[in-house]
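**Q** Below is a structure I'd like to ask you about.
The numbers here are math on the coordinates, done by the rules we state, and not lab data. These numbers come from a predicted model, not from an experiment. Cβ atoms come from the backbone with ideal geometry, glycine included; neighbour counts cover every protein chain shown.
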Amino acid sequence: MGLFQQISSEASKRDLRFLIIGGLAVNFHGCSRDTADLDLLIERDARSRWLLLFQELGYTVYQDKDVFVQLSPPKDGAWPVDLMLVREPTFQPILAAGVKVEMFGANVIIPTLEHLLALKLHALKHGHIERYPKDYLDVENLIRVNRVDLRAENIRQLFQKHGTLELYEKVSRTCAAK
């Protein structure tokens, strides 16, 4: 059984909910991007239960921040895992609207395009500078590939709520130029 199947099976047994985010979700929304890790969006209140699950799978905590935990795999070549922790009021609508997909032999849920963009915009607004180019290109490519109308008011509001108006203007200029 592969990692994705193990996670899906164990999460189901333990009543743990998650969505796959990051590069794998970006790929499912039509953008081809290499990714070296598995990013999961989980509920903050289930943090200790998730850490126990990954400990049982042989993972160790590499870095532990308040809302972000990075886990090292048990062996070379295995998927590192990043956990993004959010409160239930944030998690629930993303999960409820999520898209069911098959990934590496497991049935999983990824965020809708709008929710994925919101997560990426939040990362750009609050994240680390070294991640900025990757997240920015993800936003730009998701918009271009999915033919998102940047003039639509709901998209402008998405940028305003989760990112910044400056970011909205920059993406609008970049996408218009290509």
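**Q** Within segment 107-146, name every residue whose backbone N is under 14 Å away from a label modeled 7 Å from Cα of Tyr62 along the Cβ vector.
**A** No residue qualifies, since no backbone N sits under 14 Å from the label point.
**Q** Another one. List the residues of segment 33-67 whose backbone N lies under 20 Å from a point placed 7 Å from the Cα of Asp15 along the Cα-to-Cβ direction.
**A** 42-54
**Q** With the crude spin-label approximation of a point 7 Å out along Cα→Cβ, what separation in nm comes out for Asp149 versus Thr35?
**A** Going from the Asp149 label point to the Thr35 one covers 2.9 nm.
**Q** Rounded to a whole number, what is D in µm²/s for segment 1-111 from Stokes-Einstein with the Kirkwood radius over alpha-carbon pairs (25 °C, 0.890 mPa s)?
**A** Roughly 174 µm²/s, to the nearest whole number.
**Q** Evaluate the relative contact order of segment 1-138 (contact order divided by residue number), counting alpha-carbon pairs under 8 angstrom at least 6 apart; express in whole percent.
**A** 25 percent
**Q** Also: Roughly what % antiparallel, to the nearest 5, for the DSSP beta bridges in the chain?
**A** 75 percent
**Q** Note the full-extension length gain between Glu88 and Asp45 as 0.36 nm times their separation in residues minus their Cα-Cα distance, in nm to one decimal.
**A** Full extension of this stretch gives 14.7 nm more.
**Q** Holding the Cα-Cα limit at 21 Å, pick out from Lys65/Lys161; Lys100/Lys170; Lys125/Lys170; Lys120/Lys170; Lys65/Lys125 the pairs that are longer than that.
**A** Pairs exceeding the cut-off: Lys65/Lys161; Lys100/Lys170.
**Q** How compact and how long is segment 112-178, expressed as Rg and Dmax of its alpha-carbon atoms in Å?
**A** Rg then Dmax for segment 112-178, in Å: 10.7, 30.
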